[in-house]
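This report concerns only the one structure given below.
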Amino acid sequence: MTLVGIDIGGTQTRVGLVSRRGVLLASHRIATRPEYGSANLMKLVTESINSLINTESGSTNTPDRVSIGLGITGPVDVRTGIVTNPYTLTGWSQTDVLQPIRQAFPTATIAIENDANAAAIGEWWTGSGQGVDRFAMVTVGTGIGVGMMVKGAVWRRSDGRHCEAGHQVLDPNGPVCYCGARGCWEALASGTSLKHRLGNIDDLDHPIARDAIAEMGYWIGLGLVNICATFGPDRIAIGGGVSSLLSSLLPSIEQTLRNHRVMIPTDVPVGGAHHGDNAGMIGAAYAAYGLASDAA
Ligand SMILES: [Zn+2]
């Protein structure tokens, strides 16, 4: 079985070859450019998959058994593969992203997930969520995505949709989010909001930058308080583009959690994602591999 995991974000797409033990073997990066349409991107993705598996096998023939999993930003119907995300993938409304993959790899086992769910699966499989009964994965980058798992199964709506905890409202008087609401978690605590707070300051030791990071940590922590209050995780992992700032953010995240510990069980370990930005590819690969008969 050859495992492929794809992670489609609003800015970049990554295609990876993953071992059956959950190790990323090789990967390619592609600029997503959503304005050029999904057909354009998926053509590049299928070419990338072919290149990766041909390099691995040393042959131009597609291996007999391939599983291909795709994690994608925003709302997706995991049963049909229809993506409805005009927000961060401009123009992608009711878009079938799997059809080009099915056409190119007709015998492959194929799965699709929201990208935060894919990252949660990747960390649960071989990362910081291994053996954790109730695991929350929070990806903080351009936006905020949350994937939650219970005993190895993604926690989702009964119709298959993702719960969108990144759009929990933390401040009804806060900044307007692209979803139309005010003060969503991702409008207050994403990497995009940090950029707004930093303005043109790029020295992270500057007092304004330190305040901006502490404020971001406060808002990240407040969202985690709500996740503790409603989901009751045993462990929380933070990944995504701001992982590199995690050590600076953690003091204010942990202080905020401590400040709410009287009634809410916020005494939960919080740490970085073991696989960093690769968690989504690894988890997407597992989502398809898990459907195939010889998965562990
Ligand atoms: Zn929102």
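Okay, here's what the table says:
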{"item": "Residue pairs meeting the criteria (Cβ under 6 Å; at least 6 apart or on separate chains; first assigned to a strand (DSSP E or B), in segment 181-192; second open to solvent by less than 20 Å² (accessible area, probe 1.4 Å) and more than 9 Å from the ligand (Cβ to nearest atom))", "result": "R182/G174"}
{"item": "Qualifying positions in segment 51-76 - at pLDDT 95 or above and part of a helix (DSSP H, G or I)", "result": "S51, L52"}
{"item": "Residue within segment 146-154 that is outside any helix (DSSP H, G or I) and either within 12 Å of the ligand (Cβ to nearest atom) or farther than 19 Å from A118 by Cβ (or both) present", "result": "no"}
{"item": "Breaking point among (1) at pLDDT 95 or above; (2) within 12 Å of the ligand (Cβ to nearest atom); (3) touching a strand residue (DSSP E or B) at 6+ places or on another chain (Cβ under 7 Å); (4) open to solvent by less than 20 Å² (accessible area, probe 1.4 Å), for L188", "result": "(3)"}
{"item": "Residue count, segment 171-180 (criterion: open to solvent by 30 Å² or more (accessible area, probe 1.4 Å), touching a helix residue (DSSP H, G or I) at 6+ places or on another chain (Cβ under 9 Å) and either more than 8 Å from the ligand (Cβ to nearest atom) or free of Cβ contacts under 8 Å to residues at least 12 places away in the same chain (or both))", "result": "3"}
{"item": "Unmet requirement for D211, which otherwise passes all of (1) within 16 Å of the ligand (Cβ to nearest atom); (2) without any contact (Cβ under 8 Å) to a residue 24 or more places away in the chain; (3) surrounded by fewer than 17 Cβ atoms within 10 Å (Cβ to Cβ)", "result": "(1)"}
{"item": "Some residue of segment 16-23 being open to solvent by 40 Å² or more (accessible area, probe 1.4 Å) and free of Cβ contacts under 8 Å to residues at least 60 places away in the same chain", "result": "no"}
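The values are calculated or read from the model by the stated rules, or taken from the named source; none is laboratory data. Fair warning: this is a prediction, and the values are worked out from it, not measured in the lab. Positions of Cβ are generated from backbone atoms using ideal geometry, with glycine treated the same way; all protein chains shown enter the neighbour counts. What goes into the accessible areas is simple: the full protein's heavy atoms, side chains included, and nothing from ligands, DNA or RNA. Shrake-Rupley method; radii C 1.70, N 1.55, O 1.52, S 1.80 Å.
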